[in-house]
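A short write-up of the structure that comes next.
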Amino acid sequence: MIKTIKTTPYADQKMGTAGLRRKSKVVLQERYFENFIQSIFNVIKPEGKTYVLGGDGRFYNDVAIQKFIKMAVANGVKKLIIGQKGYLSTPASSNLILKMHTDGGFVLTASHNPGGENGDFGIKYATETGGQCSEKVSNEIFEQTKTISEYKICDVEDINLSQLGLQKLENMEILIVDPIKDYVEMMENIFDFALIKKLFASGFTFAFDAMNAVTGPYAVEIFENILGAKKGSVRNFVPMKDFGGLHPDPNLVYAKDLVATMFGDNAPDFGAANDGDGDRNMILGKKFFVTPSDSLAILTDNYNLIPAYKNGIYGVAKSMATSTAVERVAKEHKIGYYEVPTGWKYFVNLMDSKRITFCGEESFGTGSSHIREKDGIWAVLFWLNIIAATGKSVEQITREHWKKYGRSYYMRFDFDGIATDVANDLMKNLESKMPLLSGKELGSFKVALAEVFTYKDPVDLSETTNGMRVVMEDGSRIVFRLSGTSSSGATLRVYLEKLERNKLDGEPREMVQELLQIAMEIAEIEKRTGKKHADIET
Ligand code: VG1
Ligand code: CO
């Protein structure tokens, strides 16, 4: 039975860089989730349409997914394709949207943010492109959330999400699918699995940290069962509601255990981790860390080693904040090169229009046009394929890369929990300074360009401004922007890049120290936020 329930708006349902992300306690408020979903439905008109649905298994997934299903029936959805038990990684969902030609999909996740009752919850909405909706659509949805007065829901028992296959709920079809099978097939079609199998058979050692999040079952199946990595290579592989207390963000700070393993005695040959919803990756060698920016450059430089790309790639794109390492590779290979605002949605038009094949962000995201989201396991398989094809170690591959292209020492400094108005004022003040910085000498640097970054999408011609950049004459850079994924307060991100052609074995923290000082000064960070140091350095 379909019910129409009266509701009143919540003021804060604007999507950020990647969907809506809020404290679980906020989402638990009565009608909060329903309001947001109905607002999306009011915009996308779901009658007669088909959507993919899943989540990363975090707290409230099980409740929210049932609500979603009942609201979908009441809003006339024709069919839902749901990952068994409600699980789907973000990349697996994007794959299903494209493979099954659906009208879009929903992943219940706050990605790399912590989960649990005291953690975060979130919703990512993707269109038929397989990528997250545009700024324009997300603004329309936000407008709906401000005026919403009722939502529709079907009053039925909870649906059994364990049973694979087709079931019917009123007039809607529900197809429960194995969340792993199609994803594995796609990976087998991209990479040389036989070659990677040989690598593991030869005794190559590997440690993968799924961080108690959604990629655990995918990683066990692909790396251990199919490719033959030793049992136990994949750790923290059971998805947990609170990620076992871990912050499922694969970086040197939060993936502590894996980092200890990779930098300890008897370190395995290769280490990797993924985030909550499986779209981010961290790459490690024996006592060696590869920055995500370098990883993107190295993968791009080696595209010819991968079966799916060996006949050539269209081009590559990075978010503006990502280091310029990949720009030098694009030049060398004479392929297209684009710089977009932060957020994977900006890559979608470039991929759809065949301008690019690869793309990446400094925030541990790399991917290709096989789907329209970043893909954690894809990046790991890419590295394994390169290692298997060249017989070189992670460190060797990276050092040879620096020798050829120079090294972009790169670090990101996050200043968390700043009051929103303080953060906005800081950015405004900085913006007013930009025109004055050009040509100025700052310490041992000279500013070549200082500007607010504006991106014009070559396909839909929409314009987006996102953060500011100060580019030095030697190619070094400082980038400032506010995070669009924090669930409370504001986070200021300062990205630093020091380009070196010859000094290749420096300590990254030391190499960016002068740039950090300059950034602290020009943005007046201590004076305005009271913070002498960043909260997180990655
Ligand atoms: C962060 C990252 C950005 C990434 C986004 C979503 O956004 O910086 O590069 O695309 O998270 O990642 P922000 O606005 O907080 O800087 V995920 O793993 O949520 O899909
Ligand atoms: Co993610």
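Residues of segment 75-94 with amide nitrogen under 16 Å from the 7 Å Cα-to-Cβ point of residue 168? Answer for segment 75-94: 77-80. Charge dipole of the chain (Cα centre as origin; +1 on each Lys and Arg Cβ, -1 on each Asp and Glu Cβ, all else neutral): 420 debye, rounded to the nearest 20. With 5 Å bins beginning at zero, the pair-distance distribution over Cα atoms of segment 2-179 amounts to 1, 9, 19, 23, 24, 16, 7, 1 %.
Can you compute the helix-only [θ] at 222 nm over the chain? Use -39500 (n - 2.57) per DSSP H run of at least 4 residues, normalise by all residues, nearest 500 deg cm²/dmol. Could the numbers behind the result be given before it?
Working: 18 runs with 177 residues, N = 538.
One gets -9500 deg cm²/dmol as the mean residue ellipticity at 222 nm.
At a 1.4 Å probe, what is the % contribution of carbon and sulfur to the accessible area of segment 183-405? After summing per-atom areas, the C and S share lands at 49 percent.
Accessible area per residue for the chain in Å², computed with a 1.4 Å probe and the full protein assembly in place, what is it?
Values: 20530 Å² over 538 residues.
Result: 38 Å² of accessible area for each residue.
Could you state, as a whole-number percent, how many of the C-alpha pairs of segment 398-503 are farther apart than 18 Å? Can you show the working numbers first?
Values: 3304 of 5565 pairs.
Percent of Cα pairs beyond 18 Å in segment 398-503: 59.
Using the Kyte-Doolittle scale, which helices in the chain average at least 0.5 and also have C-alpha atoms spread 18 Å or more along the helix axis, with helices defined as whole DSSP H runs? Before the final figure, lay out the partial values.
Working: long enough: 32-44 (19 Å, 0.77); 61-74 (20 Å, 0.66); 135-147 (19 Å, -1.23); 376-390 (22 Å, 1.81); 420-437 (25 Å, -0.19).
In the chain, the long hydrophobic H runs are 32-44, 61-74, 376-390.
Phi angles across segment 108-118 convert, under the Karplus curve 6.51 cos²θ - 1.76 cosθ + 1.60 with θ = phi - 60°, into 3J(HN,Hα) values of 7, 6, 10, 6, 8, 6, x, x, x, 4, 9 Hz, Gly and Pro given as x.
With the Kirkwood sum run over all distinct C-alpha pairs, the chain has a hydrodynamic radius of 23.7 Å. In segment 31-93, the portion of solvent-accessible area held by carbon and sulfur atoms comes to 49 percent [1.4 Å probe, whole percent, DNA, RNA and ligands not counted]. Taking a ≥ b ≥ c as the square roots of the Cα gyration tensor eigenvalues, segment 91-154 comes out oblate, since a/c reaches at least 1.5 and a/b does not exceed b/c.
Counting only Cβ charges, +1 for Lys and Arg and -1 for Asp and Glu, the dipole size of segment 2-179 around its Cα centre is about 180 debye.
The residue among 40, 518, 322 whose Cα reaches farthest toward the positive pole of the charge dipole of the chain, with charges on the beta-carbon of Lys, Arg, Asp and Glu, is 322.
Taking every C-alpha pair closer than 8 Å and separated by at least 6 residues, the mean separation divided by the residue count of the chain gives a relative contact order of 13 percent.
Selection among 445, 175, 251 by position relative to the dipole of the chain gives 445 as farthest towards the positive end (Cβ unit charges, Cα centre). Among 459, 411, 476, flag the residue with its Cα farthest along the positive direction of the charge dipole of segment 408-537, charges on Cβ as +1 for Lys/Arg and -1 for Asp/Glu. Ranked along the dipole, the leading option is 476. Which percent of the accessible heavy-atom area of segment 408-537 goes to carbon and sulfur, probe 1.4 angstrom? Accessible surface attributable to carbon and sulfur in segment 408-537 totals 46 percent. Bridgeable lysines around residue 287 (alpha carbons under 21 Å apart, same-chain partners fewer than 8 residues away excluded): 230, 256, 392, 403, 503.
Label-to-label distance, residue 460 versus residue 146, with points set 7 angstrom from Cα along the beta-carbon direction: 1.9 nm.
Can you tell me the length gained on complete extension of the stretch residue 446 to residue 393, counting 0.36 nm per residue apart and subtracting the Cα distance?
Details: separation 53, 0.36 × 53 = 19.08 nm, distance 3.73 nm.
Using 0.36 nm per residue and subtracting the Cα-Cα distance, I get 15.4 nm.
Our summary of shape: the Cα atoms of segment 183-405 have principal axis extents of 42, 37, 33 Å, ordered from largest down, in whole angstrom. Note on segment 152-269: with charges restricted to the Cβ of Lys and Arg (+1) and Asp and Glu (-1), its dipole about the Cα centre is near 400 debye.
The values are calculated or read from the model by the stated rules, or taken from the named source; none is laboratory data. Given the structure is predicted, the values throughout are model-derived calculations rather than measurements. Neighbour counts are summed over all protein chains in view; Cβ atoms, including those assigned to glycine, are modelled from backbone coordinates with ideal geometry. Protein only, heavy atoms only, side chains kept; ligands, DNA and RNA dropped before computing areas. Shrake-Rupley method; radii C 1.70, N 1.55, O 1.52, S 1.80 Å.
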